[in-house]
Structure formats: structure tokens, C-alpha cells
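The values are calculated or read from the model by the stated rules, or taken from the named source; none is laboratory data. In this text the structure is predicted, and so the values were computed from the model without any measurement. Here the Cβ positions follow ideal geometry from the backbone for every residue, glycine too, while neighbour counts run over all protein chains shown.
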Amino acid sequence: MSPTTKYEQIADTLAARCASLPQGTRLPTEAALAKEFNVSRMTVRQALERLNENMVVVRSRGRGTFVQRPRVTKNQQLTSFTEDMYTRGITASTRLVRLDDVPCDDQLADSLGLSPRTEVVRAERLRFGGEEPMCHETVYLPPRTARKLSASDYERSLHAALRRIGETPVSATRYISAASLSAHVAPLLETTAGASSLRVKHLFRDDQGTPLYLADSFYHADRYEIVTDVERLE
């Protein structure tokens, strides 16, 4: 068996092992793994580097190699958080943090096609991938849509709930920026205030172009990436 095949097979074996381990679990040392697989430390190092490149593990000089979760990639397709998790074999769940009515400011009113100071429903939600809190999301819905939903709908897929009432999201405008997590959001995502995050805002619309709701989400910066195809216009 060639050295290349050896390290690739070891990488595959360790990747499968990491999938069943909690995030942050420290892997055995290179020496211990070399003994386990009966190969040189160089071969083990190549396998670990492959896993590091694929974001299965993170390597820290002087500390060791630790399990991490790969990033969730969002592309140009319109998918919900629940659908993103499902395609990766991860169970999604939602915890409703707060549900109330708030007057919308001028910018929110313009986005939702409402008069300024119109009261909208605000739902603050924490989205989980398995046991891991991955996204803090605040959604704003106009009264015409919110009155058709129950409180329990906010603890499941909102897209599924909207499809059920005949208001299916079919398009969205997406805004992406970097942001630091606030002292309120950071503990919910089990990190520290000021930690970097990926802020993604979506304005969802139905098949007539009518705004359905606005979602303002904060994701762990190391867990999500946005992939977009671009081309030069001649």
C-alpha cells in the first residue's frame, strides 16, 4: 500500500471517529496514532493535516488536535435553516427566547411594506444543530401574516409553517456582514461577548413579491460560509 493511500485511509478512519465525538475532544498524540495504525508519525501528520484542511479537526501548536464541526455552506439556493441541517444529517431544533409586539422603525417598515410605527410580531429564536446552538435569529412579521401563526410555530421551521398557511417563501434578498456578538446574544451561542460572527439578514417574499418577513441572524463565524458563483460581464 502506498504512503498516499495509507494517510488517506487513516484520515477517513479518523474522520468517521470524529463524527461521533463531542466538539473539542482532544485526539491522541501523533505518536499514539502512529502506534495504533502501525505507520510513521509523518504518515499520521499527513492524515491530520488532511482533516485540518477539511475542518474536521483544528490543530493547535503545543496543545494538540481537537475535534471541530465542519462549516455549513449556504449557496444561492433559497433554503431554510432546518433544510440546511437536514441535508447534512443533523437534527435541527428551535428554542423560542422571546415573542412580542414592537413598533417598526422606518427601515423595517419600508422593507415589509408597512407604515412607520406599525406594530409587528418579533420572535427571538435560538437555532440548534444537534445539541449545538448555531444561530441566533430575530424575525419580524407583519400582522397580516403573524395572526395566522401560533406561538408553537416559532419553535419549528417557520418556512414549513408559512407553507401550511399558503404563504410560501420563494425568493429573498440576502445581506451579509461581519459583526461582533452582543452581551445578550453571545451567552446564548455559548461564546463570549465581542466574539466574531456572520450576520445574515433575509427579506423573504412570496410568489407575488409580497414581503413575508425579515430575519436577522447571527451565526458562529467558524461554522458558516457563504458560497456564491460569480462571472465577469463582457
Worksheet item: Which residue, of 195, 178, is assigned by TED's automatic domain parsing to the domain that holds residue 128 and surrounded by 13 or more Cβ atoms within 10 Å (Cβ to Cβ)?
Response: 195
Discussion item. Out of the residues in the stretch 21-56 meeting the condition of being at pLDDT 85 or above and of a type in the set (Gly, Ala, Ser), tell me which one is surrounded by the most Cβ atoms within 10 Å (Cβ to Cβ).
Written reply: 47
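Anything in the stretch 186-218 that is within 22 Å of residue 105 (Cβ to Cβ) and in contact with a Leu (Cβ under 9 Å, 6 or more places away or on another chain)? List them, or say none.
Step one: list which residues in the stretch 186-218 are within 22 Å of residue 105 (Cβ to Cβ), which gives 199-205, 210-218.
Passing the criteria: 201, 202, 203, 204, 205, 211, 212, 213, 214, 215, 217, 218.
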Discussion item. Name the residue that is surrounded by the most Cβ atoms within 10 Å (Cβ to Cβ), counting only residues in the stretch 205-234 that are more than 22 Å from residue 131 (Cα to Cα), within 18 Å of the chain's Cα centre (by Cα) and modelled with pLDDT under 95.
Written reply: 226
Worksheet entry | Enumeration of residues in the stretch 181-192 that are of a type in the set (Gly, Ala, Ser) and either buried (at least 18 other Cβ atoms within 10 Å of the Cβ) or at pLDDT below 95 (or both) | 186
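Quick check: is even one residue across the stretch 124-136 free of Cβ contacts under 8 Å to residues at least 24 places away in the same chain and either more than 19 Å from residue 200 (Cα to Cα) or surrounded by 13 or more Cβ atoms within 10 Å (Cβ to Cβ) (or both)?
Going through the stretch 124-136, the residues free of Cβ contacts under 8 Å to residues at least 24 places away in the same chain turn out to be 131.
Narrowing further to those that are either more than 19 Å from residue 200 (Cα to Cα) or surrounded by 13 or more Cβ atoms within 10 Å (Cβ to Cβ) (or both): 131.
Yes, the stretch 124-136 contains at least one residue that is free of Cβ contacts under 8 Å to residues at least 24 places away in the same chain and either more than 19 Å from residue 200 (Cα to Cα) or surrounded by 13 or more Cβ atoms within 10 Å (Cβ to Cβ) (or both).
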Worksheet item: How many of the residues in the stretch 163-201 are among the basic types (Lys, Arg) and under 15 Å from residue 216 (Cα atoms)?
Response: 3
